[in-house]
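Structure record follows, encoded as structure tokens.
The values are calculated or read from the model by the stated rules, or taken from the named source; none is laboratory data. None of the values given here were measured: they were computed from a predicted structure. Quick reminder, even Gly has a Cβ in these numbers, built from the backbone with ideal geometry, and neighbours come from all protein chains shown.
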Amino acid sequence: MTGGFKLRQLDPNKFYSFSFFASRMNVTDNRETSYTVNGNTTQIVSLNASNNTTQKVEVYNMQPDSNGEIEITATAGANNTNSYGFYYLNALEIQIDNTPISQFITQQNLLLTYPIQQSTWEVGKTVPLSWISEGIDQVTLEYSIDGGNTFNNIATVPSTDRSYDFTVPNSISSNVIIRLSDGSQVIDSVPVTIIPDDNTVYRIIVLGSSTAAGSGPSNQYNAWVWKYRRYLEQLDTRYEVINLAQGGFVTYNILPTGTTIPAGVNKTINVDKNITKAVNLNAHGIIINLPSNDAAGNYPVTDQLHNYSLISQTASQNQIPLWVATPQPRNFPANGSQVAIQTQMVTETYNTFGTFAVDFWTGIGNTAGNQILPAYNSGDGVHATNEAHQIFYERLLLKDIHGTVKTQVDAALSIPDEQQIELALYPNPVKHLLFLESTSPISTVKIYNQLGQLVLENHHTVNMINLQDLQSGYYVAHIYINDKIYYRKVLKN
């Protein structure tokens, strides 16, 4: 199997040189890739991508064929020992010259890579100023707190460092500029805001199995949780992403502490990585990513939904919003029970969690649902590649989980003590009629079940609400008073 492409409409009088780079980290086999460059002549070079961080191979001074084309193809090399014959191309540099060359000419380039968005930094926190460069020895970093009128020196460091840990100064400003320069090039960042550190945290906790724990990508740096954490921390230093995921987990492993495991289920609750632990860590939002281990263990959809109900109940009781990723494709036997479990669970995830479901399924596998597409298969038929994790990460961002969490925390912190409302609900537990007393008029009451679904709503001046039609269990009452929302737990008997 080969892959390749053609460069067309090339100048027959020019010389085209190519530098190939390929890498697949954390592997033990040989993944040599052979690159064939075919124009008016043919050259072949090979590179082992396994755990490669620096090695490149070059082809010099190719000229196009009579059609003005150069074709480049890649395939597994002669020394490749991977059972699937995987081969790679991560980057290709092309240099065009009027005369033959003996080595690549490095151009001087400098690019600031952080901060490149409107970020918020707390005084005293450490942020990684970062850049990429080529052909440059040193870079100088400076900062301004007045929009670039005056600058203060940070450091001059080797350009190869590519990052510098900057301690945010005690200079409150919404117009902070970071400057990167090398003597000839000057790059200024977008404005950054520095705020006091008042101990505010927007804490998101991830529960799950090996995908969330970082398995699959060439490096954990490319796994969706790491990408998500990096994005949020660079957006605002008040964000914190805690990852409690562990390889091999199923829904039983993250059940609330003390839950009875059914007979015949050989799983135990991990009290250090379950929903109860997330609550005890004061999560403001929780994401669950359990792709396929329940199906691999032939745990039926009804069991999984029951487990999710218990997990959701714990989150709901503590007013913590919960997002759940759908299953992910896995190379199960075609038309088997495990495929049926997976595909049904995708549907039930949407039915159960609605807008709080995150799509980790669409486009990752084949239409039958029993195979990961080759482009997203890390090699074991279970875990997903860098490219798939990028998709997971982007779909999470579209859910604006971090925005919801920030809004909720900010709202809770925005009510001064002197404006707090005296509010009472009784009886609680309640059988039918729930009475509400407040020092200010109640305009609306909304009752949500353990899955975050609205089950009852009452408008106008509210002093009593009838819960007799609701099933027994825990609910959360959202009580609207003077344009504020107050949350109270309610137990229906």
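Would you pick out the residues in the stretch 324-338 that are farther than 22 Å from Ser378 by Cα and either outside the structural domain of Ile288 (by TED's automatic domain parsing) or surrounded by fewer than 22 Cβ atoms within 10 Å (Cβ to Cβ) (or both)?
Kept after step one, since they are farther than 22 Å from Ser378 by Cα, are these residues of the stretch 324-338: 324, 335-337.
Matches in the stretch 324-338: Asn335, Gly336, Ser337.
Applying the condition of being of a type in the set (Val, Ile, Thr) and surrounded by fewer than 16 Cβ atoms within 10 Å (Cβ to Cβ) to the stretch 441-481 and asking which residue is farthest from the chain's Cα centre (by Cα) yields Thr461.
Number of residues in the stretch 202-242 that are touching an Asp or Glu at 6+ places or on another chain (Cβ under 6 Å) and either part of a strand (DSSP E or B) or not assigned by TED's automatic domain parsing to the domain that holds Gln304 (or both): the value is 2. Does Thr106 satisfy the criteria of being part of a loop (DSSP other than H, G, I, E, B) and either of a type in the set (Gly, Ala, Ser) or modelled with pLDDT under 95 (or both)? It is true that Thr106 is part of a loop (DSSP other than H, G, I, E, B) and either of a type in the set (Gly, Ala, Ser) or modelled with pLDDT under 95 (or both). Which one of the conditions (1) assigned to a loop (DSSP other than H, G, I, E, B); (2) more than 16 Å from the chain's Cα centre (by Cα) does Thr343 fail to meet, given that it meets all the rest? Every condition holds for Thr343 apart from (1). Apart from one condition, Tyr252 fits all of (1) in contact (Cβ under 8 Å) with a residue 24 or more places away in the chain; (2) in contact with a Lys or Arg (Cβ under 7 Å, 6 or more places away or on another chain); (3) assigned to a loop (DSSP other than H, G, I, E, B); the exception is (3). Once the stretch 267-311 is narrowed to residues that are under 19 Å from the mean Cα position of the chain (by Cα) and within 12 Å of Met345 (Cβ to Cβ), the residue that is surrounded by the fewest Cβ atoms within 10 Å (Cβ to Cβ) is Ser292. For the stretch 164-192, a residue qualifies if it is farther than 28 Å from Asp137 by Cβ and either loosely packed, with under 15 Cβ neighbours inside 10 Å or in contact with a His (Cβ under 7 Å, 6 or more places away or on another chain) (or both), and the qualifying residues are Asn170, Ser171, Ile172, Ser174, Asn175. Against the definition (over 30 Å from Gln63 (Cβ atoms), modelled with pLDDT of 95 or more and among the small types (Gly, Ala, Ser)), how does Ser159 come out, yes or no? So Ser159 does not fit the description; no.
Of all the listed residues (Gly247, Gly264, Gly285), the sole one being assigned by TED's automatic domain parsing to the domain that holds His402 and at positive phi is Gly264. The residues of the stretch 328-385 that are in contact (Cβ under 8 Å) with a residue 60 or more places away in the chain, among the hydroxyl-bearing types (Ser, Thr, Tyr) and farther than 24 Å from Asp400 by Cβ, listed by number, are Ser378, Thr385.
Condition first: in contact with a Ser or Thr (Cβ under 9 Å, 6 or more places away or on another chain) and under 20 Å from Glu69 (Cβ atoms). Now tell me which residues in the stretch 13-29 satisfy that. Hits for the stretch 13-29 are Phe15, Phe20.
Given the criterion part of a loop (DSSP other than H, G, I, E, B) and either in the same structural domain as Tyr143 (by TED's automatic domain parsing) or surrounded by fewer than 14 Cβ atoms within 10 Å (Cβ to Cβ) (or both), identify the matching residue among Asn52, Asn30, Asn40, Asn80.
Within the list Asn52, Asn30, Asn40, Asn80, the selection yields Asn40.
I need a count of the residues in the stretch 401-448 that are in a helix (DSSP H, G or I) and modelled with pLDDT of 85 or more. Quick ask: steps written out before the conclusion?
The initial filter retains those residues of the stretch 401-448 that are in a helix (DSSP H, G or I), namely 401-413, 417-419.
Next, only the ones that are modelled with pLDDT of 85 or more stay: 401-410.
Total satisfying the criteria: 10.
Answer yes or no as to whether Tyr16 is more than 27 Å from Thr385 (Cα to Cα), in a strand (DSSP E or B) and touching a Gly at 6+ places or on another chain (Cβ under 8 Å). Considered against the rule, which asks whether it is more than 27 Å from Thr385 (Cα to Cα), in a strand (DSSP E or B) and touching a Gly at 6+ places or on another chain (Cβ under 8 Å), Tyr16 comes out as yes.
Going by what's in this entry, would Val201 be described as buried (at least 20 other Cβ atoms within 10 Å of the Cβ) and in contact with a strand residue (DSSP E or B) (Cβ under 9 Å, 6 or more places away or on another chain)?
Details: buried (at least 20 other Cβ atoms within 10 Å of the Cβ): no; in contact with a strand residue (DSSP E or B) (Cβ under 9 Å, 6 or more places away or on another chain): yes.
Considered against the rule, which asks whether it is buried (at least 20 other Cβ atoms within 10 Å of the Cβ) and in contact with a strand residue (DSSP E or B) (Cβ under 9 Å, 6 or more places away or on another chain), Val201 comes out as no.
Residues that are in a helix (DSSP H, G or I) and not aromatic (Phe, Trp, Tyr) within the stretch 306-328 comprise His306, Asn307, Ser309, Leu310, Ile311, Ser312, Gln313, Thr314, Ala315, Ser316, Gln317, listed in sequence order. Considering every residue within the stretch 207-217, establish whether at least one is out of contact with any Gly (no Cβ under 9 Å at 6 or more places or on another chain) and within 22 Å of Ser133 (Cα to Cα). Among the residues of the stretch 207-217, not one is out of contact with any Gly (no Cβ under 9 Å at 6 or more places or on another chain) and within 22 Å of Ser133 (Cα to Cα), which makes the answer no. Only residues that are modelled with pLDDT under 95 and over 13 Å from Ile286 (Cα atoms) were counted in the stretch 314-328, giving 1. Under the condition of being farther than 23 Å from Val123 by Cα and touching a strand residue (DSSP E or B) at 6+ places or on another chain (Cβ under 6 Å), the residues counted in the stretch 163-186 number 3.
Give the number of residues within the stretch 449-489 that are free of Cβ contacts under 8 Å to residues at least 24 places away in the same chain and either in a strand (DSSP E or B) or closer than 16 Å to Ala315 by Cβ (or both). Walk me through how you get there before you give the answer.
Taking the stretch 449-489 and keeping what is free of Cβ contacts under 8 Å to residues at least 24 places away in the same chain, we get 454-461, 469-472, 483.
Going one step further and asking which of them are either in a strand (DSSP E or B) or closer than 16 Å to Ala315 by Cβ (or both), we end up with 454-458.
Number satisfying all stated conditions: 5.
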